[in-house]
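> Dropping the structure in here first, questions after.
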Amino acid sequence: MKTVFTRTPTLKDCLTHYCPGCGHSIAHRLIAETIDELDIRGRTIGIAPVGCAVLAYNYLDVDMIEVAHGRAPAVATGMKRTNPDKIIFSYQGDGDLAAIGTGEIIHAAHRGEQITVIFINNAVFGMTGGQMAPTTVLGQTTATTQQGRDAANEGYPLQVSELLALLPGAIYVERCALSGPAQIQKAKKAIKHAFELQISGAQGLSLVELLSTCPTYWRLSPVKAMEWIENEMTKVFPLGKLKDESQRPRISV
Amino acid sequence: MSERILMCGNEALAEAAIIAGCDAYFGYPITPQNEITAYMSKRMPEEGRVFVQSESELAAINMVFGASATGKRTMTSSSSPGISLMQEGISYLAGAELPSVIVNVMRGGPGLGNIAPSQGDYFQATRGGGHGDYRTIALGPSTVQELVDCMPLAFDLADQYRIPVVVLADGILGQMMEPIVFNKKPRRSLPPKDWALTGAKGREQNIVRSLWLPEGSLEKHNYKLQAKYQQVQKNEVLCEQYEVDDAEIIVIAYGVAARIVRSAVKKARQEGIKAGWIRPITLWPFPTMQIAKAADELSIFLVVEMSMGQMVEDVKLAVAGKVPVVFYGRAGGGVPSVDQVLEKIKQLTIPVKKQ
Ligand SMILES: Cc1ncc(C[n+]2csc(CCOP(=O)(O)OP(=O)(O)O)c2C)c(N)n1
Ligand code: SF4
Ligand SMILES: [Mg+2]
């Protein structure tokens, strides 16, 4: 029989704790495949967030650290500055990166830290029970916006990637969606590009935002959840490259 | 460098850290320790090492967390309000057992307080400071030379026990100039950092974490930490004792307050009062045994602090009610004078003599 699909070695052979249809599992696989294709397992260090992906080190077979909620970009800074030859990536949810850790991500990008950030935007705090995230869309009901998010009270959804793309220290920012095979292929390409930039020694931060399903707290089936990304989320969070300065020359003053 | 040179405490401790092999410094400016950050910004790159001015103390301590996890010697420094902001990170460092050195050049509090010297952060430094069941080693040097000597010790202790070490100085010690010598002591023999994150080349993955979810696993981890803390208590207590054997009164103080006490006790001796001192150098582990032993022999303790009374609680625990423990302290930038301490010694000893 011809083998058409195998588990990539960096993705451990085990069950995950993720809910059925959760985007985190897909994101993990894309990262693991990238690490194996680029043959960097032996020099990669990953940073797991506080959020549903807090146990990412149980699934990704690379050296990993679990850090305080939102602080991953500061931890990554400490790692990369002392180990410029290592490949450092952080994996962060929207509560982690866009709420409690806004300061850390903005300043890591601002300093142009040569790290890669995988940003999982599922429009809720999954781990704590589906509360509003800064990325929750208007009208979306969550545990803490039971009548739907209202701009007058909770503000508008926060487009962090757009904000980050404004900073000279961010060299590559792209938003993709884990909403179906074609989009997932695009996401894989973006993730690989972000890692390749770091490997090449490019002078700045690379970030890929992934619109990702949370069927449990969206109260949708896995298939409907993917449709909701395409139909609703992408209206607020348009897909595509926000910035790619991979050709930017090395600066040293 | 073995000749005597004149340096302020902040710069001297920074150079001592460099000599001790500090690979990376991360910090955010705050008075009265700005000289450390400025000095490091110049000297670390000269040595080919890492300096980053972070965007906050939250970030600084997490940069320490990251660098330490890869096996590097790393430190940060701040003053009281900044150290409060670091407590989350220190708790994570303790939980994940990451070696690290945190210098606190204490200032007056609570809140923004003022920028005057203080010893108001003793509780925070010796009780853990952040959430959860943990301890940090806390060192309380009293001269610039001792500050210099305690930096290599702090890094060694951190590496040996995989523990955060707090160096408690204060605004006076940080700012004062004193002649010092950078003694190059050999490092302790330290365990290999085979737990460090270096990329899992040719080996299984390493994981650094403070999360223990399976039932019973965190309690097990807590017992492991406690066993380590007991080793620290058994092996690492440092304190100085002076004329304790025949003393009727022993004055206990640490850091800059101990310098005042030293002068007051010497004056008291000249006036025929049998006074002595005990000066804890490690604040945690606390010299409980030494104080308990002294409590069997004398009639009273006086504790002097630049706070409203924090270390006095540890003294009381050590003395366990055997003899009275009296406190004298000033806070918010107030510094006890030699005469004030001497007066207190007299008040406490004269009635004793009359008996
Ligand atoms: C300091 C701190 N505050 C709050 C929490 C509780 N908490 C854990 S995860 C989380 C939000 C996670 O949401 P997100 O980052 O979007 O991740 P997701 O679970 O959605 O993947 C919160 C608030 C915490 N662990 N630490
Ligand atoms: S709660 Fe949502 S984000 Fe968390 S595992 Fe379940 S589906 Fe995924
Ligand atoms: Mg989320």
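> Sort out for me the helices (runs of 4 or more DSSP H) sitting completely within the range B:7-103 that have 3 or more residues that are facing chain A (nearest Cβ under 9 Å), surrounded by 24 or more Cβ atoms within 10 Å (Cβ to Cβ) and in contact with a helix residue (DSSP H, G or I) (Cβ under 9 Å, 6 or more places away or on another chain).
Those helices (runs of 4 or more DSSP H) span B:57-69.
> What number of residues within the range B:260-307 satisfy the criterion of being farther than 23 Å from residue B:148 by Cα, touching a residue at least 60 places away in the same chain (Cβ under 8 Å) and open to solvent by less than 40 Å² (accessible area, probe 1.4 Å)?
6
> Right, here's the next one. With B:293, B:224, B:193 as the choices, which residue is part of a loop (DSSP other than H, G, I, E, B) and basic (Lys, Arg)?
One residue alone meets the criteria, B:193.
> Take the conditions of a type in the set (Asp, Glu) and away from ligand 1 (no atom under 16 Å from the Cβ) and apply them to residue A:94. Does it pass? First the steps, then the outcome.
Details: of a type in the set (Asp, Glu): yes; away from ligand 1 (no atom under 16 Å from the Cβ): no.
In short, no.
> Kindly provide the set of residues from the range A:20-33 that are away from ligand 2 (no atom under 12 Å from the Cβ) and either free of Cβ contacts under 8 Å to residues at least 24 places away in the same chain or open to solvent by 10 Å² or more (accessible area, probe 1.4 Å) (or both), ordered by number.
Within the range A:20-33, A:29, A:33 meet the criteria.
> May I ask you to list pairs of residues, at least six apart or on different chains, whose Cβ atoms are under 6 Å apart, with the first in the range A:103-125 being within 9 Å of chain B (Cβ to nearest Cβ) and the second being assigned to a helix (DSSP H, G or I) and modelled with pLDDT of 95 or more?
Qualifying pairs under 6 Å: A:104/A:73; A:104/A:74; A:104/B:59; A:108/A:73; A:108/A:77.
> Is there a residue in the range A:213-224 that is open to solvent by 10 Å² or more (accessible area, probe 1.4 Å), on the phi > 0 side of the Ramachandran plot and small (Gly, Ala, Ser)?
No, there is no match, as no residue in the range A:213-224 is open to solvent by 10 Å² or more (accessible area, probe 1.4 Å), on the phi > 0 side of the Ramachandran plot and small (Gly, Ala, Ser).
> Just give me the residues in the range B:308-330 being among the small types (Gly, Ala, Ser) and crowded, with 19+ Cβ neighbours inside 10 Å, in sequence order.
Across the range B:308-330, the qualifying residues are B:318, B:329.
> Examine the range A:159-178 for a residue that is open to solvent by 40 Å² or more (accessible area, probe 1.4 Å) and within 16 Å of ligand 3 (Cβ to nearest atom), and state whether such a residue exists.
Looking through the range A:159-178, at least one residue is open to solvent by 40 Å² or more (accessible area, probe 1.4 Å) and within 16 Å of ligand 3 (Cβ to nearest atom).
> Out of all the residues in the range A:34-85, which are more than 14 Å from residue A:115 (Cβ to Cβ), open to solvent by 10 Å² or more (accessible area, probe 1.4 Å) and more than 7 Å from every other protein chain (Cβ to nearest Cβ)?
A:36, A:37, A:38, A:39, A:50, A:51, A:52, A:55, A:58, A:59, A:69
> So which residues in the range A:102-135 are part of a strand (DSSP E or B), crowded, with 24+ Cβ neighbours inside 10 Å and more than 13 Å from the chain's Cα centre (by Cα)?
Correct list: A:124, A:125.
> Pairs, please: C-beta under 6 Å, at least 6 apart or cross-chain, first residue closer than 18 Å to residue A:213 by Cβ and in the range A:127-149, second open to solvent by less than 10 Å² (accessible area, probe 1.4 Å) and among the acidic types (Asp, Glu)?
A:133/A:94; A:135/A:94
> Let me ask another. Would you kindly identify the strands (runs of 3 or more DSSP E) lying entirely within the range A:136-253 that contain at least 1 residues that are more than 14 Å from the chain's Cα centre (by Cα) and more than 16 Å from ligand 2 (Cβ to nearest atom)?
A:170-177, A:240-244
> Out of curiosity, is residue A:127 within 16 Å of ligand 2 (Cβ to nearest atom) and in contact with a Cys (Cβ under 6 Å, 6 or more places away or on another chain)? Outline the logic, then answer.
Details: within 16 Å of ligand 2 (Cβ to nearest atom): yes; in contact with a Cys (Cβ under 6 Å, 6 or more places away or on another chain): yes.
Taking the combined requirement at face value, the residue satisfies it.
> Can you name every residue in the range B:2-56 that is closer than 30 Å to residue B:333 by Cα and polar (S, T, N, Q)?
Listed by number, the residues that qualify are B:10, B:31, B:33, B:34, B:37, B:41, B:53, B:54, B:56.
The values are calculated or read from the model by the stated rules, or taken from the named source; none is laboratory data. Because the structure is a prediction, the values reported are computed rather than measured. Counting neighbours? That spans all protein chains shown, and the Cβs are built from the backbone with ideal geometry, glycine included. Note: accessible area is taken over every heavy atom of the protein model, side chains too, but ligands, DNA and RNA are not part of it. Shrake-Rupley method; radii C 1.70, N 1.55, O 1.52, S 1.80 Å.
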